[in-house]
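Reading through the structure tokens given below for one structure.
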């Protein structure tokens, strides 16, 4: 079974509010329906329903269609309705993830394309990316790649899609070849936390400076790529897995 993408952080009501505002503005800028903007350019679908690799978000999904059908006309009431739907979902038993996790890092293997997808999560109560936690994060990586190497797969690649590649504190934990291969992550939609992540802190509260930058860009720019409106660009990188083995398992820190 493929992994289910559904972050279990509790998000604030204000996080949903700015997504509704974003959808309203972008629907006018792009001359599309409000409901289509909600689907394509917010992470409401993913926050409410999650998704699997073999079943990505679908606008004709029965759950989504029901949600849009019941969506109140009044924008203030919409927020109350959507947030209550979100909280109701959070109260339900959480789906079990089959990501293999090592401290703050985890991975999932995509068999069809022979690729490891890497993920970061803020799981360390002592700190995650600070200077005082560098050795802890490097230990996480070493344990992860030892496990990966023990599987004996050949000619694999490793990939990350994340806005965290903008941050020195994250990049310093990675091989220089991987950082050098970084490029914009463009998929034509902004339905996941890869794009919306910079808008909230680790507790799910909206970051005011990031929110202000998002709406400044919406008001002053007319970008071809929807991803470029976000305050920290989503980035992607992919290299051969052997580069990570050499860096984390053979290098002495």
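Values in this text are rule-based calculations from the coordinates and carry no lab data. Owing to the predicted nature of the structure, the values given are computational and were not obtained by experimental measurement. Glycine also receives a Cβ, built like all others from the backbone with ideal geometry; neighbour counts cover every protein chain displayed.
So if we plug the beta-carbon distance of residue 169 and residue 30 into 1/(1 + (r/R0)^6) with R0 = 41 Å, what FRET efficiency do we get, rounded to 0.05?
Numbers: r = 35 Å, r/R0 = 0.84.
Working from the Cβ atoms, E equals 0.75.
Report, in degrees rounded to the nearest 10, the 0 to 90 angle that the Cα long axis of helix 208-220 makes with the longest principal axis of the chain.
Tilt of helix 208-220: around 60 degrees.
In whole Å and largest first, what semi-axes does the C-alpha gyration tensor of the stretch 73-128 yield when each eigenvalue is scaled by 5 and square-rooted? Working shown, then result.
Details: eigenvalues 213, 61, 29 Å².
Ellipsoid half-lengths, sorted descending, are 33, 17, 12 Å.
Would you mind checking the tilt of helix 134-150 against the longest principal axis of the Cα atoms of the chain, expressed as 0 to 90 degrees and rounded to 10?
80
Let me check the size of the chain from its C-alpha atoms; what are the radius of gyration and Dmax in Å?
Rg, Dmax (Cα atoms, Å): 19.1, 60.
Over 22 Å apart: what share of the alpha carbon pairs of the stretch 113-221 falls there, rounded to a whole percent? Show your work: numbers first, answer last.
Numbers: 2599 of 5886 pairs.
Tail fraction, whole percent: 44.
With a cut-off of 17 Å, note down the residues of the stretch 54-88 whose backbone N falls inside the zone around a label point 7 Å from the Cα of residue 187 toward its beta carbon.
54-61
Pull out the extension gain between residue 66 and residue 151, defined as 0.36 nm times the separation in residues minus the alpha carbon to alpha carbon distance; nm, one decimal.
On the way: separation 85, 0.36 × 85 = 30.60 nm, distance 4.32 nm.
So the extension gain works out to 26.3 nm.
Report, in degrees rounded to the nearest 10, the 0 to 90 angle that the Cα long axis of helix 13-29 makes with the longest principal axis of the chain.
Between the helix axis and the principal axis of the chain, the angle is about 70 degrees.
Using the scaling law 2.2 N^0.38 Å as the reference, what is the normalised Cα Rg of the stretch 157-219? Please list the in-between numbers first.
On the way: Rg = 13.5 Å, N = 63, 2.2 N^0.38 = 10.6 Å.
My calculation over the Cα atoms of the stretch 157-219 gives 1.27.
Roughly how many Å is it from the Cα centre of the stretch 125-147 to that of the stretch 153-191, as a whole number?
17
Along the Cα-to-Cβ line of residue 99, 7 Å from the Cα, sits a label point; which residues in the stretch 115-153 have backbone N less than 16 Å from it?
Once the point is set 7 Å along Cα→Cβ of residue 99, 116-125, 128-129, 140-141, 144-145 turn out to lie under 16 Å by backbone N, inside the stretch 115-153.
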